[in-house]
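Just below is one structure, and these are the notes that go with it.
The values are calculated or read from the model by the stated rules, or taken from the named source; none is laboratory data. Just so it is clear, the structure is predicted and the values come from calculations on it, not from any experiment. Ligands, DNA and RNA are excluded from the accessible area calculation, which covers all protein heavy atoms including side chains. Shrake-Rupley method; radii C 1.70, N 1.55, O 1.52, S 1.80 Å.
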Amino acid sequence: PVKATVVQLATYLQNYLTRANLVDNGTVEFWFTGDLDTPVLHVDVDRDTGPVVKHIIENRQNYFGKVVPVVSGEYTPREVADAFSKVTGVAMRLENRAPEELVNDDMRNMYKFFAYPEWLGNPDEIRQFNDRIGHEFSTPDTFWQTNGWKGPE
């Protein structure tokens with residue numbers, strides 16, 4: 001038998017970099033499909049994946065045969081977009097894109113998952129796991145501070 005661990009990533013904070021348009025007077029318009037005020041499990045792939053994988057490798061016997069979620073935190077799309085403006089000083093607005101506007105069924109189904117915080121496991125257990133890692137996970141503020149992005153060109 002193969003001894004393996006599956007690492008499953010939450011919704012990428014990096015996706016906001018590709019879900020943005022530059023509109024009137026330099027305002028950045030972000031879009032999301034779903035309730036803009038419902039918390040969604042997010043991950044900063046660049047900052048938070050490595051420490052989780054390192055922890056798993058260093059403690060591999062505890063994780064064989066398990067699915068391990070990588071989650072930076074639970075944030076609403078509005079919180080992520082507001083943090084962009086707060087950190088960069090660039091005006092923004094957030095739009096709710098209707099599911100039928102998405103390009104295919106795969107994308108529509110992906111957004112349905114985001115509405116259920118349990119899709120990666122019990123949120124309390126995820127927080128407890130993160131506490132054991134010994135890493136300061138990204139918040140929307142740290143995500144925007146560390147990536148240097150100020151909007152689409």
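The table below gives the values:
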quantity: 222 nm mean residue ellipticity, helices alone, for the chain (DSSP H n ≥ 4; -39,500 (n - 2.57); rounded to 500); calculated: -11000 deg cm²/dmol
quantity: Whole-Hz ³J(HN,Hα) from phi, Karplus 6.51 cos²θ - 1.76 cosθ + 1.60, for the stretch 140-153, glycine and proline x; calculated: x, 4, 5, 4, 6, 5, 8, 8, x, 6, 10, x, x, 8
quantity: With Cα atoms, 0 to 90° folded angle of helix 45-58 axis to the chain main axis; calculated: 0 degrees
quantity: Accessible area per residue in Å² at 1.4 Å probe, computed on the stretch 49-153; calculated: 60 Å²
quantity: Karplus-derived HN-Hα couplings along the stretch 83-93 (A = 6.51, B = -1.76, C = 1.60, θ = phi - 60°), whole Hz, x at Gly and Pro; calculated: 4, 4, 5, 4, 6, 8, x, 8, 5, 9, 9
quantity: The chain, relative contact order in percent, only Cα pairs under 8 angstrom and at least six apart counted; calculated: 35 percent
quantity: Accessible surface, 1.4 Å probe, highest first, among residues Thr76, Thr38; calculated: Thr38, Thr76
